[in-house]
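Q: To start, I am sharing the structure in question, which I have written as structure tokens.
The values are calculated or read from the model by the stated rules, or taken from the named source; none is laboratory data. Note that the coordinates shown come from a computational prediction; the quantities given were computed from them, not determined experimentally. So basically every Cβ, Gly included, is an ideal-geometry build from the backbone, and we count neighbours across all protein chains shown. Note: areas computed on protein heavy atoms with side chains; ligands, DNA, RNA excluded. Shrake-Rupley method; radii C 1.70, N 1.55, O 1.52, S 1.80 Å.
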Amino acid sequence: MATSNNSLRVLVEWMREQRGQAGLTYRELSSRTRFHATTLQRAASGESMPKLGTVLAYALACDASPETAKSLWKQARYEETRPRGGQRLSAPRLKLVRDFADLGVALVELYRRAGSPSFRSMEERAGGFGALPRSTARRIVNRQALPHNMDQFLAFLNGCDLPEREQAAWVGAWSRAWRLEKQDAAEASGAVGLELVEPKGSEWLAGPPRHSERAGAIQRRLTRFRDGEMVTANVLPVISEQTPSPRERSRW
């Protein structure tokens, strides 16, 4: 195999081993799937990254574990899409996620660990209509936004095929990031009678012009009192390596 992707090599060797144990020719393998024998042979050649559907069909035709096939494919796909050269943000361990910047990087890493699925497939996995629009999934992966609310956050996790048993730790990371943003907002406002309300539904407002492109998607509503009157301001957290200072944010 002429591949530098070690994980792909492991996947291909496993596929070949399963076919050998099943004692099937590629023509016989093809008769058990909807794929042509040439397609199946190419998938096990190691020359390029095969599609997940092909790998799963190959495994099922050999009476092999589809879970193992999927796990090996995800690892190979992860290595295939690894950024080459330049600077790459390192995702913190989930229990060390403390703010929205950390959470944004962690979500991108989760997406890549899931095999960088298409945004269409993520939308389908997320559930009901509008749970995770493709455009929103794309913006989250490109670190231009964060999920609008907890429902969309969970939809993104489902879109990445994350097992339900592993989602509690992610909800904990979300809660920590939200608490920190809440504290930052209080410090930035310097206001008396500050109230911070997590957005519901699809509430959305653009951030300040110089930061709007990289603003997070969780809206924060600040309610404070000025000269005896209640004033409401809408602010978006920024998921940027260069977070504005409290003085800058107080101008928003």
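Q: So the check is Cβ under 8 Å with 6+ separation or different chains; which pairs have a first residue in region 28-57 that's within 27 Å of Arg82 (Cβ to Cβ) and free of Cβ contacts under 8 Å to residues at least 12 places away in the same chain and a second one that's open to solvent by 30 Å² or more (accessible area, probe 1.4 Å) and not in a loop (DSSP other than H, G, I, E, B)?
A: Pairs found: Ser48/Arg42.
Q: Being open to solvent by less than 50 Å² (accessible area, probe 1.4 Å) and either under 25 Å from Pro83 (Cα atoms) or among the basic types (Lys, Arg) (or both) is the filter here; which residues of region 126-142 pass it?
A: Across region 126-142, the qualifying residues are Thr136, Ala137, Ile140, Val141.
Q: Looking at (1) within 19 Å of Arg93 (Cα to Cα); (2) part of a helix (DSSP H, G or I); (3) open to solvent by less than 40 Å² (accessible area, probe 1.4 Å); (4) of a type in the set (A, V, I, L, M), find the lone condition where Leu146 falls short.
A: All conditions pass for Leu146, except number (2).
Q: Within the bounds of region 59-76, is there any residue that is open to solvent by 40 Å² or more (accessible area, probe 1.4 Å), modelled with pLDDT of 95 or more and over 24 Å from Ala114 (Cα atoms)?
A: Within region 59-76 (the criterion being open to solvent by 40 Å² or more (accessible area, probe 1.4 Å), modelled with pLDDT of 95 or more and over 24 Å from Ala114 (Cα atoms)), the answer is no, since none of the residues qualifies.
Q: Tell me the residue from Glu109, Glu166, Glu123 that is in contact (Cβ under 8 Å) with a residue 24 or more places away in the chain and either open to solvent by 30 Å² or more (accessible area, probe 1.4 Å) or within 28 Å of Asn6 (Cβ to Cβ) (or both), please. Step through it out loud before you land on a result.
A: Numbers: Glu109 fails: in contact (Cβ under 8 Å) with a residue 24 or more places away in the chain; Glu166 fails: in contact (Cβ under 8 Å) with a residue 24 or more places away in the chain.
Unique residue meeting the criteria: Glu123.
Q: Only one residue in Val12, Val55, Val105 is touching a helix residue (DSSP H, G or I) at 6+ places or on another chain (Cβ under 7 Å) and at pLDDT 90 or above. Which one? Break it down stepwise before answering.
A: Numbers: Val12 fails: touching a helix residue (DSSP H, G or I) at 6+ places or on another chain (Cβ under 7 Å); Val105 fails: touching a helix residue (DSSP H, G or I) at 6+ places or on another chain (Cβ under 7 Å).
Sole residue among the options that is touching a helix residue (DSSP H, G or I) at 6+ places or on another chain (Cβ under 7 Å) and at pLDDT 90 or above: Val55.
Q: Look through region 17-26, keep the residues that are touching a residue at least 24 places away in the same chain (Cβ under 8 Å) and surrounded by 14 or more Cβ atoms within 10 Å (Cβ to Cβ), and return whichever of them is farthest from Glu47 (Cα to Cα). Don't jump to the end; show me each part of the working.
A: Let us first name the residues in region 17-26 that are touching a residue at least 24 places away in the same chain (Cβ under 8 Å), namely 18-19, 21-22, 24.
Narrowing the set further to residues that are surrounded by 14 or more Cβ atoms within 10 Å (Cβ to Cβ) leaves 18-19, 22, 24.
Values: Gln18: 19, Arg19: 18, Ala22: 23, Leu24: 21 Å.
Checked region 17-26; the qualifying residue farthest from Glu47 (Cα to Cα) is Ala22.
Q: Taking region 27-40 on its own, how many of its residues are more than 17 Å from Pro66 (Cβ to Cβ) and surrounded by fewer than 17 Cβ atoms within 10 Å (Cβ to Cβ)? Before you say what the answer is, go through the steps one by one.
A: Filtering region 27-40 down to residues more than 17 Å from Pro66 (Cβ to Cβ) leaves 27-28, 30-31, 36-39.
With surrounded by fewer than 17 Cβ atoms within 10 Å (Cβ to Cβ) added as a condition, the list becomes 27-28, 31, 36-38.
Qualifying residue count, region 27-40: 6.
Q: Does Ser118 count as open to solvent by 40 Å² or more (accessible area, probe 1.4 Å), farther than 18 Å from Leu154 by Cα and of a type in the set (Ser, Thr, Tyr)? Let's see the steps before the verdict.
A: On the way: open to solvent by 40 Å² or more (accessible area, probe 1.4 Å): yes; farther than 18 Å from Leu154 by Cα: no; of a type in the set (Ser, Thr, Tyr): yes.
Here the answer is no, as Ser118 does not meet what is asked.
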